[in-house]
Structures are given as structure tokens and as C-alpha cells.
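The values are calculated or read from the model by the stated rules, or taken from the named source; none is laboratory data. Everything quoted here is computed from the prediction, not taken from an experiment. For neighbour counting, all protein chains shown are included, and Cβ atoms are generated from backbone atoms with ideal geometry for every residue, glycine included. The area values use the complete protein model at the heavy-atom level, side chains included, leaving out ligands, DNA and RNA. Shrake-Rupley method; radii C 1.70, N 1.55, O 1.52, S 1.80 Å.
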Amino acid sequence: MKICLVSLFHPQRTSGGIQTYCRWLIKYFEDSNIEYLYISPFDCPKILVLPVFSLRHILLKHFKTINIIWYRSWHYFFLKIALTKRLKGQDIDIVQAHCPLSALAALKIRNKLKASWPVILRLGLNVSQAEEEATNDNIKRGGVYYKKIKNLEKNAFLGVDAIIFNSFYLKDKVLKEYPDLLNKKTIVIHNGVGVVDSNRSFKEKSEVYKFINIGELSLRKNQQFLIHLIKDLSGKIPNIELHLVGQGQEHKNLKMLAKRLRVEDKIIFHGLVQDAAKLIPGKFLYLHSALEESYGIVLVEAMSHGVIPVSFAVGGAQEIIKHGYNGFLVSPGDIKTYAEIVTDFILDKEKHAVISNNAREEFRRRFDYKLMGEAVINFYKILKVS
């Protein structure tokens, strides 16, 4: 079996959830000697790609909607060129795309090359890229470009041969919005990651209690809630730190908020870190505050290290965390309950140790990348037979 993975992002970029998913899926392919290609816009000559993408960062930084249009249009353009060049004459069994735009590119090139390989869309968005950009205030919700993205997404959903969802939550939301997909082949496969052995674990004594959050600094990820949480906790527990890992348009606002609340010495901004999961071991808790989350692969990464996740009870997080067993779920915005859970762990080290061990065991049972890889390959085989 020969597989083609299609994405908009550079294969070496490892900072996001989709990138993490691809990295571990590729690891499974390589472990299993499965032949694959990985194709992105960056397979085009650098002399063409880099000036176009660099211009976006230099000139369009403060023009949000134009920035998004530029990003999507040029990534789509270069991806089609790369797909045509690399897939022409290739004997491919399956093409798996990782967003609606890359799926549309794969479908278009399949028609151009008169090929017959199935195109699978692996969907890990929060239902819609249009909604994500609107939530982050990059485009106007209901505006012209919002509607264009929604229409492109609909065409991708209806055009592909099958869809892999990363959570039942996401599948239910998409099928509710697009009932025409009810007859399409679909499956839910939870994201998996590798077990990273580490000797670093939280130690008692007089150490600082370190919490971590990894993700884009954005309104949807809602890190401002965590800064308010640290303010609330700092009066009772002085030796705490919150490590924010990621970059985004809310970076400046979050720093200003930390300073206004006089907790800037307790908030550590790491910026963008490649393979950010390496910062998880040794932390006391993983604190998650996203207002919407189709899955939350960082919660799985935290569990692999025995770092207990505490999250808002939203989306796919509820499929990862069994409340009170391998982590805790809190109603969105309930800072009082959230603070009580964190404080309880600090006061009860035995409870922390038990749930930390549960988190590791739950990870091994349900979220190891090998389980994910096996499920993906089995789904491929079903598509080939049908």
C-alpha cells in the first residue's frame, strides 16, 4: 500500500495539533514499513515559495482578512503545483488530506491526472476554518469571505470519498450541519502520540508548582482565564508558575493582563517552541481553557507524561478526560471550581500521585500512536475493498 499525505504546512513544522498528528502517523508508517509520500506547498522551488510567503508576514501583518486570503490562496496554488509534479505517474492507493482546502486541491489534481485514488479528508478543525478565523477576529462572521470559506468546506466534505473525524463531538456537529454526509463513509479515530520516556516528574519539598498550557495565544484558546486563575490562586499559594507555550495575536494582551493583575512574575511566556511537548514533563498540572476544542491532542501528550489535565468540559476534551479518574472537567468560565481542583491537588499529594498514574495508564490503553495508526490503515483497507 502506498499512501500520500497532503497538507498546507511544512513537514518540519511541529508546533500544532495537526502537525503533531501527522508526525506520529508518519512514525507509525515508518515503523510498519508502509510506503508514503508527504506533499505540501513547500515542495515547490524555494525561490518561488519563500518570497510570496515572506511578503505576507512583512506587509500584511496588520491587515487580518487580506492576510488570511493571501495565506489560503497561495498555499492552495502552490499545493496544486506540488501535487501535479509529484503524483504524475505515481501508483498511489490512498490520498489523505488534512484540511478542506488541501482536500479540494487533491480532488482537483485527481481529475486533472485522470487518477482513481480515493481522497480521504482527515478532519481535526473546530467544525469550520471560517468559524475559527471569525472567532479569532481575522474575518467577519457572516461576511463575504466567511461565506466563501464555508462554501469551499461544503464542497470538500461532499467531494471526498471518506472522512476521518478526530472526535465523536466533531462528527456529530459536522453531520448536523451537513446531513448530506450521512451516507458517506466516515469513522472516528482519536489522535494518538508516542510514549516519551522521561525521568522528570513533579517532586515535593519546597519546589514551585509549575502549570503548563500549550497552544496558539488566541481568544478561542482563552489563556486570559488562566492568568485570572493564577491571580486567584497566588493569594493562597505563592509558589506557583504558569508556563504559556505558543504565539498568537493575543500575546501582547495577555502580557498586559498579567502586568495589570500583578502576576507577571508568575507567568512565563515561552513563545513558539518546536516540539513543545518536551516542556510538559516535570509540570504539576496541564491547564486547558479553550472555549471550543474538537479534540485537544495536548491533553493526550500531558497524560503520556503523567501530567494531570484539567480542562473546560468542551468538545473532544470530554472524550479524553474521565472526570475524577485521569483528569478533571470544569464548566467553561467556572474559575471558583477550577481553583478548588488545583488547590486540592496541591494539598493532597497522594491524590495527585494516583490520578497521575491513572493518566499514564489511560494513555497507554487508548491513545498510543500505534493504536491510531492501526485504525487508520484498517480504514484504508475497507475503502480499497469497497
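Residues that are over 30 Å from Leu219 (Cα atoms): which helices (runs of 4 or more DSSP H) entirely in the range 289-386 hold 2 or more of them? Ranges flagged: 349-366, 369-385. Residue count for the range 8-37 under the criterion of being of a type in the set (Ser, Thr, Tyr), crowded, with 16+ Cβ neighbours inside 10 Å and at pLDDT 95 or above: the result is 2. Does the range 232-279 hold any residues that are at pLDDT below 95, aliphatic (A, V, I, L, M) and assigned to a loop (DSSP other than H, G, I, E, B), and which are they? Scanning the range 232-279 gives Ile237, Leu272, Val273. Scanning the range 132-150 for residues that are modelled with pLDDT under 85 and either small (Gly, Ala, Ser) or within 19 Å of Asp180 (Cβ to Cβ) (or both) turns up just one, Ala134. Only one of the numbered conditions (1) open to solvent by 30 Å² or more (accessible area, probe 1.4 Å); (2) modelled with pLDDT under 95; (3) under 30 Å from Phe168 (Cα atoms) is violated by Arg72, and that is (1). Can you find even one residue in the range 119-126 that is closer than 19 Å to Ile3 by Cα, assigned to a helix (DSSP H, G or I) and modelled with pLDDT of 85 or more? Among the residues of the range 119-126, not one is closer than 19 Å to Ile3 by Cα, assigned to a helix (DSSP H, G or I) and modelled with pLDDT of 85 or more, which makes the answer no. Ile3: under 20 Å from Asp275 (Cα atoms) and buried (at least 19 other Cβ atoms within 10 Å of the Cβ), yes or no? It is false that Ile3 is under 20 Å from Asp275 (Cα atoms) and buried (at least 19 other Cβ atoms within 10 Å of the Cβ). Among the numbered conditions (1) out of contact with any Leu (no Cβ under 8 Å at 6 or more places or on another chain); (2) closer than 18 Å to Gly16 by Cα, the only one that Leu123 does not meet is (1). Answer yes or no: is there a residue in the range 151-169 that is part of a helix (DSSP H, G or I) and farther than 16 Å from Cys99 by Cα. Yes, the range 151-169 contains at least one residue that is part of a helix (DSSP H, G or I) and farther than 16 Å from Cys99 by Cα.
Taking the criterion of being at pLDDT below 90 and buried (at least 16 other Cβ atoms within 10 Å of the Cβ), the only residue of the range 38-51 that qualifies is Val49. When the residues of the range 151-196 are filtered to those that are open to solvent by 70 Å² or more (accessible area, probe 1.4 Å) and among the polar types (S, T, N, Q), the one that is modelled with the highest pLDDT is Asn155. Of all residues in the range 320-341, those being surrounded by 22 or more Cβ atoms within 10 Å (Cβ to Cβ), under 13 Å from Leu287 (Cβ atoms) and either touching a residue at least 60 places away in the same chain (Cβ under 8 Å) or more than 24 Å from the chain's Cα centre (by Cα) (or both) number 1.
Within the range 219-235, being without any contact (Cβ under 8 Å) to a residue 40 or more places away in the chain and open to solvent by less than 10 Å² (accessible area, probe 1.4 Å) holds for one residue alone: Ile230. In the set Asp368, Asp348, Asp344, only one residue is under 14 Å from Gly306 (Cα atoms) and not hydroxyl-bearing (Ser, Thr, Tyr); that residue is Asp368.
Tell me whether the range 244-264 contains one or more residues that are buried (at least 16 other Cβ atoms within 10 Å of the Cβ) and closer than 22 Å to Leu329 by Cα.
yes
Per the listing Leu291, Leu299, Leu272, Leu279, the residue uniquely of a type in the set (A, V, I, L, M, F, W, C), open to solvent by 10 Å² or more (accessible area, probe 1.4 Å) and in contact with a His (Cβ under 9 Å, 6 or more places away or on another chain) is Leu279. Of the residues examined, Ala317 is not one that is open to solvent by 20 Å² or more (accessible area, probe 1.4 Å), within 21 Å of Asn126 (Cβ to Cβ), modelled with pLDDT of 95 or more and in contact with a Ser or Thr (Cβ under 9 Å, 6 or more places away or on another chain).
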